[in-house]
């Protein structure tokens, strides 16, 4: 299990009816509430120390300075739906999905829990691979600092599963936007006042830590046209924190 972006937490979903599963999900809900209420002490009480340290560091990779403001680094709540709870002794894994905010993506994720000192706490967040049937599966590999293959090959109109893996040495994010012909990609990214006409968010930035892999699904498929693929995280190998898109993680593809 690897950590996924510190911008997410679990809220809602269908919980298992088994008593132990309910206990695991209830512990997760306490973590959710602590993050939602920006209560860092309660977050500490509902997580393992190793997980919390990694969780905050990942926010730092996204240019949120965890060391100076850990409350800010907790990120915003994002709705998740619990699908399954698997328990093995004092460890548990929760399978869930997360919908992108103002986007079309549904991410397949999992939460690791451990029972310590008589209570369940969060020990990891990560992506997961799903079962597919008729969806087109598009493999995407992220490295420092490229996406491959480049360009992606995506068929228009049918459900698509982006099967993403991070083989780099830093966290990376996959974000997809539709962009009109002729639009300058850098200008689209750096628009601060108003997003240019014809630009729509398809996949909200989903963060993958080193070694993380899993599925991002766009069930409605992509309309024919031009799309931008980018990573908004910052290069943590330098003090300047240069955005990854300035390092080369900015490209485009067509759905056709």
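Derivation of every value follows stated rules applied to the coordinates shown; laboratory data play no part. The structure displayed is predicted, hence computed values, not measured ones. All Cβ positions, even for glycine, are placed from backbone atoms using ideal geometry, and neighbour counts span all protein chains on display.
Computed quantities for the displayed model
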| quantity | calculated |
| --- | --- |
| Spin-label pair residue 132/residue 44, simplified geometry with 7 Å Cα→Cβ offset, distance in nm | 4.4 nm |
| Convex hull volume per residue in cubic angstrom - Cα atoms of the range 136-255 | 93 Å³ |
| Gain upon complete extension [residue 26, residue 195; 0.36 nm per residue less C-alpha separation] | 56.9 nm |
| In Å, descending, principal axis extents of the Cα set of the chain | 59, 45, 31 |
| Per-pair calculated FRET efficiency, R0 = 41 Å: residue 83 and residue 237 via Cβ, rounded to 0.05 | 0.65 |
| Rg to Rh, two decimals, where the range 19-127 supplies the alpha carbon set and Rh follows Kirkwood | 0.96 |
| Estimated distance in nm for a label pair at residue 37 and residue 254, the labels positioned 7 Å out from Cα along Cα-to-Cβ | 5.4 nm |
| Most mobile of 186, 94, 216 in a GNM of the chain (Cα contacts under 10 Å) | 186 |
| Over the chain: helical MRE at 222 nm, DSSP H runs n ≥ 4 each giving -39500 (n - 2.57), nearest 500 | -5500 deg cm²/dmol |
| Point-to-point label distance, residue 187-residue 72, nm (Cα→Cβ direction, 7 Å offset) | 3.1 nm |
| Length gained when the stretch residue 223-residue 119 is fully extended (0.36 nm per residue, less Cα-Cα span) | 32.7 nm |
| Bridge type composition, the range 136-255 - antiparallel percent by DSSP, nearest 5 | 75 percent |
